[in-house]
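Here is the structure we will look at.
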Amino acid sequence: MKHIKPIVLVSILILAVSFAIPSLLVLPFSKEKASGKLDENMKEKNTSTLQSSIDIAVFRNTSQKVEQVPLEEYVVGVVASEMHATFEEEALKAQALAARTYIVRQLLSGNKGIPKGANVTDTVSDQVFQNKKELKKHWGSKYQKNINKITKAVKATEGKILTYDGKPIFASFFSTSNGYTENSQDYWANAIPYLKSVESPWDKKSPKYQYQQEFVVNDVEKKLGVTLRDNKEVSTNFTLTEGKRIGTVIIGGKKFTGREVREKLGLRSSDFSLARKGNKIIVTTRGYGHGVGMSQYGANGMARSGKSYKEIVQHYYQGIEISESKQLLDKVTAKK
């Protein structure tokens, strides 16, 4: 056997190592890559990670202090507080869009009527909010399952809001309709083009669709400032809004709007009927809430029927678009 020159031996060794290196690099990951587990793990991690470009200063009503919460975590806390975690995922996504739109609009308009140093309160005056510690206490053993589901829904709509003519809409929502939503001008003072009455038949399956309340006649008289005569109809000459709620009604010879009666008597809805039985007034209501904007039980019914969150919001908010919030949020950060 002839003697191999050193330079030839070195070349052979280099060539052998160059073939081996790719195998060494691929081998440790080949099993995971083939099974797909690596991809799954990465996707799960991305799904649970929410990116927030700005913090929301939330005035906590109980502690009377301001809590700084990353925007997307704030949206999770609102959705968890305002909608049942058992609702369909597409309904939760629609609620996330409404919640995010509300706070972006609030950030742009300023903190009018909000305690100093805060952007928003945590009550129904704005949007109900609970942090993770409070949700753990509220949900108990169901916390992880519920928070994962809601976080996933928020992540699916991350950074997106509802706009009309390029501006965040007033994304009002309520629990349950009477089968129709209400025109904004029939409950509030102004006509808002995207808050129009639409059909919402899914609500009839809501546990809050119909409700009865009993009042003593004297209480009704005091609350409404009227005198109700015996054996007379409680209400007469009523008119209906486009959303099939009471527009105006005569009670005890005095004219009221449906909203006035609802607020004075503390009714669930302005779609009501009154009947007298002896010394009692029986009030039957249909729906729960002001009726303007998105019905939550209606959204869940749409989701169950196979509608997407985009179809849900475009049904309840007429003529709106789903837009990125970044450009608008950049304006907020620029002011700081």
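Any read-out appearing in this document is the output of simple, stated calculations on the displayed coordinates, not a laboratory observation. On a predicted model such as this, the values are computed, not experimentally measured, just so you know. FYI the Cβ positions are ideal-geometry reconstructions off the backbone, even for glycines, and counts take in every protein chain you see.
Per-structure values
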| read-out | value |
| --- | --- |
| Length-normalised contact order of the range 156-219 in % [C-alpha pairs under 8 Å, at least 6 apart] | 27 percent |
| Net +/- balance of residues flanking GLU199 in space, Cβ distance below 13 Å, scoring K and R +1, D and E -1 | 0 |
| Sequence ranges 249-255, 100-106, 147-153, ranked by mean other-Cβ count within 10 angstrom, highest first | 100-106, 147-153, 249-255 |
| Residue exposure sequence - ASP126, ASP203 - by fewest surrounding Cβ within 10 Å | ASP126, ASP203 |
| 5 Å-binned pair-distance histogram of the range 120-247 (Cα, whole percent) | 2, 7, 9, 12, 16, 17, 13, 10, 6, 5, 3, 1 |
| Per-peptide average of other Cβ atoms within 10 Å, ordering 165-172, 282-289, 305-312, 85-92 highest first | 282-289, 85-92, 165-172, 305-312 |
| Set LYS93/LYS136; LYS65/LYS136; LYS142/LYS326; LYS132/LYS264 screened for pairs whose C-alpha atoms are more than 31 Å apart | LYS142/LYS326; LYS132/LYS264 |
| Taking N as its residue count, the alpha carbon Rg of the range 210-286 over 2.2 N^0.38 Å | 0.99 |
| Cα centroid separation - the range 240-268 against the range 147-220, whole Å | 19 Å |
| Cβ-based exposure ranking for ILE281, ILE161, in which fewest neighbours within 10 Å come first | ILE281, ILE161 |
